[in-house]
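The values are calculated or read from the model by the stated rules, or taken from the named source; none is laboratory data. Nothing here was measured: the structure is a model prediction, and the numbers come from that model. Note that we place each Cβ from the backbone using ideal geometry, even for glycine, and neighbour counts take in every protein chain shown. With ligands, DNA and RNA removed, areas are computed over all heavy atoms of the protein, side chains included. Shrake-Rupley method; radii C 1.70, N 1.55, O 1.52, S 1.80 Å.
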Amino acid sequence: MAAPITLGVFADAASGITPLAEGQVLRGRFQQLRFLEGLQAPLKSAGNFTLVPGRGLIWRTETPFAVTTVMTPAGLVQELNNREIVRMPSARLPFMSKLYAMLSGALSGDWDPLESAFQITRQEEGRNWRIRLEPTRTDDPAMPIRTIIARGSRLLEELEVVKANGDHDRLVFLNQKLESTPPRAEELRLLDNAGH
Amino acid sequence: MRSLFAAAWVAVVAVAAAYLAVRVHDGLPLRTDLLALLPSEDQDAAVQRATDAVSRQLARRVVFLVGGESRVQARAAAARLAADIEATGLLVPVTRGLDADQLKRLGSLYGPYRRGLLAEADRDLLIAGRGEEVADKALAQMFGVGGIADGNLLRIDPFLLLPSFFSALPFPLSRLKLDDGMLTLDDDHKVWVAVVGLVVGEPFALDLQEKIVRAFDTSAAALQDATPGLEIKRLGAVFFAEAGSSTAIREASTLSTISMVGTIALIVGMFRRIRPLLHNLLVVGIGIVAALAGSLAWFGNLHVAALLFGTSLIGVAFDYGLYYSSTMFDPADGTPRERLRRIMPGIVLGSLTTMLGYAALALAPFPGLRQIAVFSVIGLVAAFATVVLLLPALDRKQTVAHAPLLLGAMKWAHAFWDGERWRRVRALLLITAVAITAAGFARFRADNDVRHMQSLSPALLREQEDIQRLIGTTVATQFLLVEAGDDETALRREETVVRPLLDRLETSGAISGAQTPAAFIPSAARQRDNQTLMRTALDVPFLARQRSVLGMEAVDTPTSTPDETLSLKDALASEAVPLLRELVLGPGLHVVTFQGLTDPDAVRTMFAGIAGVRFIDPTADLSALLDKYQYRAVLLTALSALLMFLGLARRYGWKGSGWVMLPPVTAICLGSAMLILIGQPFNFFHAMALVLLLSVTSDYAIFCAESPAYQRQVTLLAVSLAALTTLLSFGLLAASRVPAVFSFGSTMLVGILLAFFLAPLATRGKPSLSERSAHPTADPCNVGRLVR
């Protein structure tokens, strides 16, 4: 019989985070700094996110521009004022499925899906941990990521994604809450819409 | 006098043979293209060129899927297979995904002209005055997760219109992904790696097909030996063609061996000497030489279909020689010349009616039928002349001792049709025949679908289905042909006329996608229109806001001058756009290809009556051509029969002519009905067999009708021999597994058997002497009377 997973128990020292259990939902806020080659200042944005393990990730950018991005294994859908403006099935762009695996993996602490494509190095310092991911193959044009560095303690706190061309995103996560209540109706609608 | 004629004929044959030798030495001008078979008003060089180009493109494509337990295993095997195949020099490998290199080339081609390039969806939004949505979409990409954000691109293209244009380019979707230089796909059990190749050279060449198949088989066997569990699947027209032709060749050599050995055994066995065999070979040989020489002189070239059918039709001449040889069995002894004189009326009338029948083929406006008609009439005249002029000279007076037994059997056959004893049986047969014919005709159904006339290898079909299931939709053989005076006009038509209709077809599910040249390179007019749209609907209202949200200073001005447009010619020359070269056949001659075509009829209907745009379905077009030929051939067979009946009526009277025509007409009608009843839909090859059947079987009837009572058994014996040899040559084709050949063969088999069985009935038609003396000049048999 499997032991019940309790919140706040950090038994798995190797991964640093307790992987989310089925039925749990992770919510929080984020701040993103996007450094782009050719632009003097980074693009700053902030908003909130909801991760429903096994279903998908809802990423709501609020400033400076309100847009909702929903990522599922099937692909990516963006909505602006409840109107779909972008739909990219992962069949059309295989990187999309990796993107979802990466973000949901980083947030939930389940790195397994990334092990086929990345080499993972872990470091620990007391309750803090640091994970570095590097693609196993460097010459794959379908892999736009050079390095991923994740930092956190109980949950993921900071994520840095370096793209192949040197551009990089720095993400800071705040006010994260693990909830056992089911996702809201609006969230389910977004996930359903993006999931097929 | 007679030997003078013979010598003159030998001279004519020698001239024909010499002429033929010269032509063959220069390379026999045989045509194989279907265009040559079309009525001249239907001939269209552009359609033919497009069909050739597209079918050649499709036929050149070869796909192998290598399935392994692991990625490493599959990749290693695929690399080995690719290397083995490439080493033959017959295939070049291609990657169909867009690799980094290709993307770079696309970028540098389109980059300078980006102000004129808009994805259809963006263009629609701008036209509708919804430019803000386009701007928002770009911002959403920049601030959302994982957007394809590129700072340098953003500076010159703040609305990200070029990436949008790129992702809307209609490259055929497939489930294959580029994984480290190899097209890969995971299914539940295996990792599949695709090796895509193009055949170098003529994909329809038989020896090339054989070499490719052998190279593949060797390589695949070695790989599978080394790695148990490895699966290798293949897809490509060359494999089907090779399998088809190797089956056909194997089958043809078996059938022709049986036919040849059987015929020789039959003739030598019957006559117990070799001379009749040689005589008959000479008759047919001279017929074919003369027909070839005459047709080449007449037409300048010859279609291979005419050669094949014509040669079959000349085969009838074999019967005249046989008839002559059979006079050996005649108890009434005579010199070769006397024996010829006895059968002369029969073969004169027989060959005249046959020629009449063949000549009727020339009445149709179909070049193919016309060539067959000329070819076979010349061949028949030559064969006839050889029988009449040469055979008696080559023959010696001889009789055959074993005749009585055979002749006795023939006597019984006549008794069946004439004797009072069999009256009831005959009546029963008549009722049955009428019933079967009526039932068969009621169920008449024509099917000239070419796909039903080929026998495709079931194993290859299974592999094809597997591959299509694994990699997704494939390019259809059907396409649209856009014809215009120049490229610009063609591109505009694709944008304004074709695209909206394609959208409707995609919505209805008739197609899943399509590639128009204009989707890759918009017309100059459209590019200028896009430039204006971008300025008025996007730059003026939203550029300042866009830059401020993105935190960019207003700096860069567009690098290309607004009037510059990308031309199709330059795009083709750059070789940067995959597929484009396959879509543009020439200036103003464009092809639109389809993916996932499920409803060809819907596409045909949608584009019917659209000027300058045609839906081309090569398979359906060929089927339609065969349909037309079949219809004509049936009509002409009926017309021939009518002409024969009228001609014969002059000699036999109406009633007599009816009796003579009864066996051939019954063979045709009843035979066809029987085949329909056993489930064979009627097709072109049945119809062509009917043409041959009518002439062959009318000869049997005429031989019987013309023979005086005392000679009937000898005549029927000759007819039996003729029927047996025809069964051995054409009837045997009913054993073929190639549906087209089977159709021809089964018609001959059933028809010949029926006509042979019914032939004695024709003796009821007797030459009416009063008719002959009343109109000596109009007598179709005056040649016969000369020698009588």
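Scanning the stretch B:502-523 for residues that are open to solvent by 20 Å² or more (accessible area, probe 1.4 Å) and not hydroxyl-bearing (Ser, Thr, Tyr), we see that the one that is farthest from B:Leu118 (Cα to Cα) is B:Gly509. Is there a residue in the stretch B:230-237 that is in a helix (DSSP H, G or I) and not small (Gly, Ala, Ser)? Among the residues of the stretch B:230-237, not one is in a helix (DSSP H, G or I) and not small (Gly, Ala, Ser), which makes the answer no.
If the requirement is being under 17 Å from B:Ala83 (Cα atoms) and of a type outside the set (Ser, Thr, Tyr), which of these qualifies: B:Val193, B:Val261?
Details: B:Val261 fails: under 17 Å from B:Ala83 (Cα atoms).
Sole residue among the options that is under 17 Å from B:Ala83 (Cα atoms) and of a type outside the set (Ser, Thr, Tyr): B:Val193.
For the stretch A:39-63, the candidate set comprises residues that are part of a loop (DSSP other than H, G, I, E, B) and of a type in the set (A, V, I, L, M); within that set, the residue that is surrounded by the most Cβ atoms within 10 Å (Cβ to Cβ) is A:Leu39.
Of all the numbered requirements in (1) more than 21 Å from A:Arg184 (Cα to Cα); (2) over 18 Å from the mean Cα position of the chain (by Cα); (3) within 11 Å of another protein chain (Cβ to nearest Cβ), A:Lys44 misses one, and that requirement is (2). Evaluating B:Ser164 against the criteria (1) part of a loop (DSSP other than H, G, I, E, B); (2) within 12 Å of chain A (Cβ to nearest Cβ); (3) modelled with pLDDT of 85 or more leaves one unmet condition, (1). Show the residue pairs that are 6+ apart or on different chains and have beta-carbon atoms under 9 Å apart, the first residue being within the stretch A:92-110 and modelled with pLDDT under 60, the second being charged (D, E, K, R) and open to solvent by 10 Å² or more (accessible area, probe 1.4 Å). Partner pairs satisfying both residue conditions: A:Pro94/B:Lys177; A:Pro94/B:Asp179. With respect to A:Thr61, is the statement that it is hydroxyl-bearing (Ser, Thr, Tyr), at the interface with chain B (Cβ under 8 Å from one of its Cβ atoms) and within 22 Å of A:Gly109 (Cα to Cα) true? For A:Thr61, the condition - hydroxyl-bearing (Ser, Thr, Tyr), at the interface with chain B (Cβ under 8 Å from one of its Cβ atoms) and within 22 Å of A:Gly109 (Cα to Cα) - is not met. Within the stretch A:184-195, residues that are closer than 13 Å to A:Phe49 by Cα have Cβ atoms under 6 Å from residues that are not in a loop (DSSP other than H, G, I, E, B) in these pairs: A:Glu187/A:Thr50; A:Glu187/A:Ile58; A:Leu190/A:Ile58; A:Leu190/A:Val70; A:Leu191/A:Gly56, counting only partners at least 6 apart in sequence or on another chain.
Any residue at all in the stretch B:644-654 that's over 19 Å from B:Leu758 (Cα atoms), touching a Leu at 6+ places or on another chain (Cβ under 8 Å) and not in a helix (DSSP H, G or I)? Within the stretch B:644-654, none of the residues are over 19 Å from B:Leu758 (Cα atoms), touching a Leu at 6+ places or on another chain (Cβ under 8 Å) and not in a helix (DSSP H, G or I). Every listed requirement among (1) part of a helix (DSSP H, G or I); (2) at pLDDT below 85 is met by B:Ala291 save one, (2). Among the residues of the stretch B:200-209, is there at least one that is within 14 Å of another protein chain (Cβ to nearest Cβ) and either open to solvent by 20 Å² or more (accessible area, probe 1.4 Å) or modelled with pLDDT of 80 or more (or both)? No; the residues of the stretch B:200-209 include none that is within 14 Å of another protein chain (Cβ to nearest Cβ) and either open to solvent by 20 Å² or more (accessible area, probe 1.4 Å) or modelled with pLDDT of 80 or more (or both). Looking at B:Leu589, B:Leu597, B:Leu580, B:Leu585, just one residue is touching a residue at least 60 places away in the same chain (Cβ under 8 Å) and under 26 Å from B:Gln531 (Cβ atoms), and that residue is B:Leu580.
Here is the figure for the stretch B:98-136: residues that are within 13 Å of another protein chain (Cβ to nearest Cβ), touching a residue at least 24 places away in the same chain (Cβ under 8 Å) and surrounded by 22 or more Cβ atoms within 10 Å (Cβ to Cβ) total 2. Of the strands (runs of 3 or more DSSP E) contained entirely in the stretch A:105-196, those carrying at least 3 residues that are among the polar types (S, T, N, Q) and away from chain B (no Cβ under 14 Å) fall at A:118-125.
Hey, among the residues in the stretch A:64-75 that are within 12 Å of A:Leu190 (Cβ to Cβ) and at the interface with another protein chain (Cβ under 8 Å from one of its Cβ atoms), which one's surrounded by the most Cβ atoms within 10 Å (Cβ to Cβ)? Filtering first and then ranking leaves A:Met71. The single residue among B:Leu356, B:Leu278 that is in contact with a helix residue (DSSP H, G or I) (Cβ under 9 Å, 6 or more places away or on another chain), of a type outside the set (D, E, K, R), assigned to a helix (DSSP H, G or I) and surrounded by fewer than 18 Cβ atoms within 10 Å (Cβ to Cβ) turns out to be B:Leu278.
Evaluate the stretch B:614-628: report whether one residue or more is on the phi < 0 side of the Ramachandran plot, among the aliphatic types (A, V, I, L, M) and not in a helix (DSSP H, G or I). Looking for residues that are on the phi < 0 side of the Ramachandran plot, among the aliphatic types (A, V, I, L, M) and not in a helix (DSSP H, G or I), one finds at least one in the stretch B:614-628, hence yes. Listed conditions (1) at the interface with chain B (Cβ under 8 Å from one of its Cβ atoms); (2) farther than 30 Å from B:Ser70 by Cα; (3) free of Cβ contacts under 8 Å to residues at least 24 places away in the same chain are all met by A:Leu36, apart from (3). Considering the conditions (1) of a type in the set (A, V, I, L, M); (2) assigned to a helix (DSSP H, G or I); (3) within 13 Å of chain A (Cβ to nearest Cβ), B:Val145 is excluded by exactly one of them, (2). Note on the stretch B:440-485: residues that are polar (S, T, N, Q), under 22 Å from B:Asp187 (Cβ atoms) and buried (at least 20 other Cβ atoms within 10 Å of the Cβ) total 1. Being within 14 Å of another protein chain (Cβ to nearest Cβ), in a loop (DSSP other than H, G, I, E, B), among the basic types (Lys, Arg) and open to solvent by 40 Å² or more (accessible area, probe 1.4 Å) holds for only one residue in B:Arg175, B:Arg155, and it is B:Arg175. If you go through the stretch B:228-255 and keep only what is touching a strand residue (DSSP E or B) at 6+ places or on another chain (Cβ under 6 Å) and either without any contact (Cβ under 8 Å) to a residue 12 or more places away in the chain or open to solvent by 40 Å² or more (accessible area, probe 1.4 Å) (or both), you end up with B:Glu231, B:Arg234. Picking from residues in the stretch B:256-271 that are surrounded by 16 or more Cβ atoms within 10 Å (Cβ to Cβ) and of a type in the set (Ser, Thr, Tyr), the one that is modelled with the lowest pLDDT is B:Ser259. When the stretch B:290-333 is filtered for residues that are within 21 Å of B:Ile347 (Cβ to Cβ), of a type in the set (A, V, I, L, M, F, W, C) and surrounded by fewer than 20 Cβ atoms within 10 Å (Cβ to Cβ), only B:Ala332 remains.
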